[in-house]
Amino acid sequence: MIIIPARLGSTRFEKKVLASIHGIPMVIATAKRVQGVDDVVIATDALEVLEVAKKYNIKAVLTNSSHQSGTDRIYEAANILGLNDDEVILNVQADEPFIEPKIIQSLHDFIYKNRYKEWVMASCCKNIDIED
């Protein structure tokens, strides 16, 4: 499962997760980029984001606005969704509308392949060239 934490209260860029990316809200563009990898759910603290997700047929859950991190928001969303303790959850940031799905697919495959080992945690990274 991919859970995208989407807090509306950005301080440097107001409502960043709803900023338009080629006419689509950023969080929706991000969700659409990765929805071929696994089930996608947006975890948000705002009814406005919940409504936008509904409009684009992306599953979303409403979480508490007091979370200190996206990880806290994902934890609550996992509980709301009733996910099992052995569920693999990928945390994809809402402000990554141009993320390459193959990177998330590679992470997904790595974690599923190793999921029954004692602990698995992995992060994606990509070299950035001067041209990038």
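With respect to the conditions (1) surrounded by 12 or more Cβ atoms within 10 Å (Cβ to Cβ); (2) closer than 23 Å to Ser106 by Cα, Thr44 falls short on a single one, namely (2).
Yes or no: the stretch 63-74 includes at least one residue that is within 15 Å of Asp95 (Cα to Cα) and buried (at least 18 other Cβ atoms within 10 Å of the Cβ). Looking for residues that are within 15 Å of Asp95 (Cα to Cα) and buried (at least 18 other Cβ atoms within 10 Å of the Cβ), one finds at least one in the stretch 63-74, hence yes.
Readers should treat all values here as calculations from the given coordinates under stated rules, not as data from a laboratory. This is a predicted model, so every value here is computed, not measured. Glycine gets a Cβ as well: all are built from the backbone with ideal geometry, and neighbour counts include every protein chain shown.
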